[in-house]
Amino acid sequence: MSFKKLYTMTVMSGKSNDTGQKPLPEWYDGATYTKWETVTNPLSGESAMLSPNEVAMYDLIMGSQMTGNYDITRKGLDWFRANNAEAYMILLD
């Protein structure tokens, strides 16, 4: 893990911060969060630091997959890929 990534995880983990977040799309109707979180891919074990809006979208994607709402899954994946391609590749690809 790079120093920059480790430093970002240490500084941002658990903090309430709206700075630098991409806005959620108008169609989004899920929960909203206020804390940055580290999310781990259950298959690879790799982790990514996500903004509150990214955590919210990640949770929506995971929930929509479980309920078979693939239209929302696709929209969420498209939003995530456009807004944080690096985390998308780690967590969702």
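Within 10 Å, count the other beta carbons around each residue, average over each peptide in 20-30, 78-88, 41-51, and list them highest first.
Working: 20-30: 12.2, 78-88: 16.5, 41-51: 14.8.
Sorting 20-30, 78-88, 41-51 by mean packing, highest first, produces 78-88, 41-51, 20-30.
Please compute the per residue accessible area over the stretch 22-90 with all protein chains in place, 1.4 Å probe, rounded to a whole number of Å².
56 Å²
Output ³J(HN,Hα) for the stretch 48-59: one whole-Hz value per residue in order, computed from phi by the Karplus curve 6.51 cos²θ - 1.76 cosθ + 1.60 with θ = phi - 60°, and x for Gly and Pro.
9, 7, 10, 5, x, 5, 5, 4, 4, 5, 4, 4
For the stretch 22-32, just list the computed ³J(HN,Hα) in residue order, Karplus coefficients 6.51, -1.76 and 1.60, θ = phi - 60°, integers in Hz, with x standing in for Gly and Pro.
Couplings: 7, x, 6, x, 4, 6, 5, 10, x, 5, 10 Hz.
The values are calculated or read from the model by the stated rules, or taken from the named source; none is laboratory data. Computed from a prediction, not measured in an experiment: that's the story for all the values here. When we count neighbours, we look across all protein chains shown, and the Cβ atoms used for this are built from the backbone with ideal geometry, even at glycine. The protein model used for the area step is the full one, side chains on, heavy atoms only, and it has no ligands, DNA or RNA in it. Shrake-Rupley method; radii C 1.70, N 1.55, O 1.52, S 1.80 Å.
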